[in-house]
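*Asks:* A single structure is presented below for examination.
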Ligand code: SF4
C-alpha cells in the first residue's frame, strides 16, 4: 500500500515537491465554492488571454505575482491590466 505524504504547511515553495504543489493548487481550484468560482467558459477565456500576454511567465503573472490559473478561477478577481473581459 502506498503511503501518502502529508503536505508541509510551513514549507517555502522552494522546499516543496513541485508536482505535489501543482496538484494541490488544481485541487484547491476544483473545490472552490460555486459562489466564488469563475464559470468554466469564462475561466478558459481568461486563461486564453493570459497565454498571449507578455506578463505570463511559467504560470505566474509578472504584473501581480499570482498564479494565473488561481487568479482566474476566482470570479471577482481582475487582471491587473484589465485584459480580461
Ligand atoms: S492576469 Fe492580465 S497581466 Fe497577468 S498574465 Fe493574465 S492577462 Fe497578463
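*Asks:* I'd like the orientation of helix 18-30 relative to the chain: the angle between its Cα long axis and the longest Cα principal axis, in ° from 0 to 90, rounded to 10.
*Replies:* 60
*Asks:* For the chain, modelled as a Gaussian network with Cα springs under 10 Å, which listed residue fluctuates most, 70, 22, 56?
*Replies:* 22
*Asks:* To the nearest 0.05, how large is the calculated FRET efficiency for residue 9 and residue 63 if R₀ is 30 Å and r is the Cβ-Cβ distance?
*Replies:* 0.60
*Asks:* If you don't mind, there's one more thing I want to ask. Can you tell me the 0 to 90 degree angle between the C-alpha axis of helix 40-51 and the longest principal axis of the chain, rounded to 10?
*Replies:* Around 80 degrees separate the two axes.
*Asks:* Most fluctuating residue of 14, 46, 27 in a GNM of the chain with Cα springs under 10 Å: which is it?
*Replies:* Result for the chain, Cα springs under 10 Å: 14 fluctuates most.
*Asks:* Quick one: length gained pulling residue 39 to residue 17 fully straight, 0.36 nm per residue minus the C-alpha distance?
*Replies:* Length difference between fully extended and current span is 5.0 nm.
*Asks:* Given springs between every Cα pair under 10 Å in a Gaussian network model of the chain, which of 57, 45, 15 has the largest fluctuation?
*Replies:* Taking springs between Cα atoms under 10 Å, the residue moving most is 15.
*Asks:* Sticking with this structure for a sec: Quick check on the chain: helices-only [θ] at 222 nm, where DSSP H runs of length 4 and up contribute -39,500 (n - 2.57) each and the sum goes over total residues. Nearest 500, please.
*Replies:* Theoretical 222 nm ellipticity from helices: -11000 deg cm²/dmol.
Values quoted throughout were computed directly from the atomic coordinates according to the rules given, and no laboratory measurement underlies them. These numbers were taken from a predicted model, which means no experiment stands behind them. Neighbour counts run over all protein chains shown; Cβ positions are idealised from the backbone, glycine included.
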